[in-house]
1. Take every Cα-Cα distance within the chain, group them into 10 Å bins from 0 onward, and report for each bin the whole-number percent of pairs it holds.
2. Tell me, what HN-Hα J-couplings in whole Hz come from the Karplus equation 6.51 cos²θ - 1.76 cosθ + 1.60 at θ = phi - 60° for each residue of region 3-12, using x for Gly and Pro?
3. Tilt of helix 32-45 relative to the longest C-alpha principal axis of the chain, in degrees (0 to 90, nearest 10)?
4. How many nm separate the modelled label positions at Arg24 and Phe44, each set 7 Å beyond the Cα in the direction of the Cβ?
Amino acid sequence: MAPTVPIIAETNEKLEQLQAEIERETGHSVSKNELLDRMVDRAFESKSDLIESFRAE
């Protein structure tokens, strides 16, 4: 069983908007899981940018 992560409604809405845009631009639908996996992979590749974003808060 995959772990679940609760997200707020605003974040869920942003994910749905990204899903819709990806489908419009590419013709391929993606699940939220696929989208989150890709986003985490990209953030992991540029960890310093992600870490820096928390310093700015």
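No lab work stands behind these numbers, since they all come straight from the coordinates. Remember, predicted model here, so these are calculated numbers, not experimental data. We place every Cβ from the backbone using ideal geometry, glycine too, and count neighbours over all the protein chains shown.
1. The distribution over the chain is 19, 41, 36, 4, given as percents.
2. Ordered by residue, 3J(HN,Hα) equals x, 10, 10, x, 10, 6, 4, 4, 5, 4 Hz.
3. Compared with the principal axis, the helix lies near 30 degrees.
4. Placing both labels 7 Å beyond Cα along the Cβ direction yields 3.1 nm.
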